[in-house]
Amino acid sequence: MAKATLVIMAAGIGSRFGGGIKQLEPVGPNGEIIMDYSIYDAMEAGFDKVVFVIRKDLEEDFKEVIGNRIEKIVDVAYAFQEKTDIPEPYKTNYADRVKPWGTGQAILCCKDVVHEPFLVINADDYYGKEAYVEAFQHLIKAQKESDKVQISMVGFVLGNTLSENGGVTRGICMVDENKILTDVVETSNIIKTETGAAVQTEGGEIPVDVNSLVSMNMWGLTPDFFDILDTGFVTFLNENADNYMKAEYLLPTIVGGLLRREAAEVTVLQSNDKWFGVTYKEDKDYVVASVRSLIEAGVYPDKLFG
C-alpha cells in the first residue's frame with residue numbers, strides 16, 4: 001500500500017488573531033478545530049501519518065487540544081520549529097531574532113520524521129475534500145524520470161479564498177497548457193469587491209481575475225526536497241545578514257527560485273472547493289457557520305471521530 005504523510009504547519013504565532021493560538025480555536029459542534037477536519041479529509045483520501053510542526057512551548061497545550069486525541073486514530077509525529085534551529089555561527093549572530101524563520105524552515109524541521117512523499121498544509125486553513133484526494137493520488141504515482149525536482153501544488157480558485165473581513169495575500173499562479181506552473185506572483189491586499197476581486201493600493205483598486213488559480217501553501221513534496229531546503233537555508237541566512245530580524249524563508253519564494261533556475265517542475269492540481277480560514281478574528285463566526293452548513297449537507301458527521 002502506497003504511503004503518504006500529512007505535514008501540518010502549526011508553529012505560527014497568530015499575531016493578527018489578538019495573540020491567542022488561533023489554530024486551536026474550536027469551530028465544530030463538539031469542540032473540533034480546523035485541523036480536525038483537515039486530518040479527517042486527509043485520512044479519507046489515503047494519508048496514514050500526520051506530522052505536526054509546532055513550537056516547543058506550545059507542546060503541552062497542543063497535545064491537550066488535539067495531539068493526544070489524534071494519535072489514537074492515526075500515526076502521529078512531532079517536529080519542533082524554533083528560531084534557534086539554525087547552524088552556527090548564525091545561531092550566535094542572530095540570537096535576538098524573535099520568531100521562527102518561516103515555512104521553509106518549518107518543513108526542514110521534519111527531515112528526521114518524514115521519509116515518504118508528503119503534503120504540506122497550514123494549520124488554520126480549511127481546504128476541502130477534493131484537494132486531499134487530488135494531492136494523495138498525485139503523490140503516490142510513480143515519479144517521472146527527470147533531472148528536475150518534482151513538486152505538486154493544489155491550486156484554488158481565487159474567488160473561493162477571499163475573506164469578508166479584509167485583504168488577503170495570495171500567490172497568483174501562471175500555469176501552462178500541461179498544468180505546469182510557470183510563475184507565482186505573491187500578491188498582497190486582495191479584497192472582495194462587488195464585481196469580483198481587486199488589489200487595494202494607495203492609488204485605488206486594481207481589478208484581479210476572480211477565476212485565477214492561487215496557491216494556499218498546499219504543496220506535495222518528496223524527501224529529496226529536504227536537501228534543497230538545507231542548502232538553500234544557509235544561502236538565505238547569508239543573504240539576509242542585514243535583515244535577519246524580519247527575513248522569512250518561505251516555501252513559495254523557494255519554489256519560485258527553483259522555477260527560475262529551471263531546477264524544479266511543479267504540477268498544479270486544481271480544487272474547486274471553497275477554502276476558508278481564520279485570518280482575522282472576525283473570520284471565526286463565518287468558519288463556524290461554514291462548518292455547520294457542511295455538516296447539515298452531510299459532508300461531515302456531527303461528531304468527527306466518534
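The values are calculated or read from the model by the stated rules, or taken from the named source; none is laboratory data. Quick caveat, the model's predicted, so the values are computed rather than measured. So basically every Cβ, Gly included, is an ideal-geometry build from the backbone, and we count neighbours across all protein chains shown.
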*Check V7, V65, V27 and return the single one that is at pLDDT below 95 and within 17 Å of G128 (Cα to Cα).*
V27
_If D242 meets every condition in (1) part of a helix (DSSP H, G or I); (2) over 30 Å from P117 (Cβ atoms); (3) touching a residue at least 12 places away in the same chain (Cβ under 8 Å); (4) not basic (K, R) apart from one, which number is that one?_
(3)
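Taking into account only those residues within the stretch 150-182 that are among the acidic types (D, E) and either at positive phi or modelled with pLDDT of 90 or more (or both), which is surrounded by the fewest Cβ atoms within 10 Å (Cβ to Cβ)?
Step one: filter the stretch 150-182 for residues among the acidic types (D, E), giving 164, 176-177.
Restricting the remaining residues to those that are either at positive phi or modelled with pLDDT of 90 or more (or both) gives 176-177.
Numbers: D176: 9, E177: 5.
Selected residue: E177.
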*If you check E82, E71, which single one turns out to be at pLDDT 95 or above and either in contact with a helix residue (DSSP H, G or I) (Cβ under 9 Å, 6 or more places away or on another chain) or under 22 Å from L221 (Cα atoms) (or both)?*
E71
_Count of the stretch 249-275 residues which are closer than 23 Å to T161 by Cα, at pLDDT 90 or above and either in contact with a helix residue (DSSP H, G or I) (Cβ under 9 Å, 6 or more places away or on another chain) or charged (D, E, K, R) (or both)_ = 12
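Residue by residue, here is whether (1) surrounded by 14 or more Cβ atoms within 10 Å (Cβ to Cβ); (2) of a type in the set (D, E, K, R); (3) within 23 Å of D41 (Cα to Cα) holds:
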position	(1), (2), (3)
G256	yes, no, no
R261	no, yes, no
E265	yes, yes, no
S271	yes, no, yes
E282	no, yes, no
V291	yes, no, yes
A297	no, no, yes
D302	no, yes, yes
*Give the stretch 161-190 a look and list any residue that's touching a residue at least 40 places away in the same chain (Cβ under 8 Å), under 18 Å from the mean Cα position of the chain (by Cα) and more than 18 Å from W219 (Cα to Cα), or say none.*
S163, V168
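In the stretch 22-123, which helices (runs of 4 or more DSSP H) lie fully inside it and hold 1 or more residues that are among the acidic types (D, E)?
On the way: elements: 34-45, 59-62, 90-93, 103-108.
By residue number, 34-45, 59-62.
Out of all the residues in the stretch 191-210, which are touching a strand residue (DSSP E or B) at 6+ places or on another chain (Cβ under 6 Å) and either β-branched (V, I, T) or in contact (Cβ under 8 Å) with a residue 12 or more places away in the chain (or both)? Even if it seems obvious, please write down each step before you answer.
So the first thing to find is which residues in the stretch 191-210 are touching a strand residue (DSSP E or B) at 6+ places or on another chain (Cβ under 6 Å), and the list is 191, 197-200, 205-208, 210.
Listed by number, the residues that qualify are I191, A197, V199, Q200, E205, I206, P207, V208, V210.
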*Please state which of the following conditions N68 fails to meet, knowing it meets all the rest: (1) without any contact (Cβ under 8 Å) to a residue 12 or more places away in the chain; (2) under 27 Å from F233 (Cβ atoms).*
(2)
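For the stretch 121-149, which residues satisfy the criterion of being of a type in the set (S, T, N, Q) and either modelled with pLDDT under 90 or surrounded by 20 or more Cβ atoms within 10 Å (Cβ to Cβ) (or both)?
To start, the set of residues in the stretch 121-149 that are of a type in the set (S, T, N, Q) comprises 122, 137, 143, 146.
Scanning the stretch 121-149 gives N122, Q143, S146.
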*Quick one: is V98 surrounded by fewer than 21 Cβ atoms within 10 Å (Cβ to Cβ), modelled with pLDDT under 95 and aliphatic (A, V, I, L, M)?*
yes
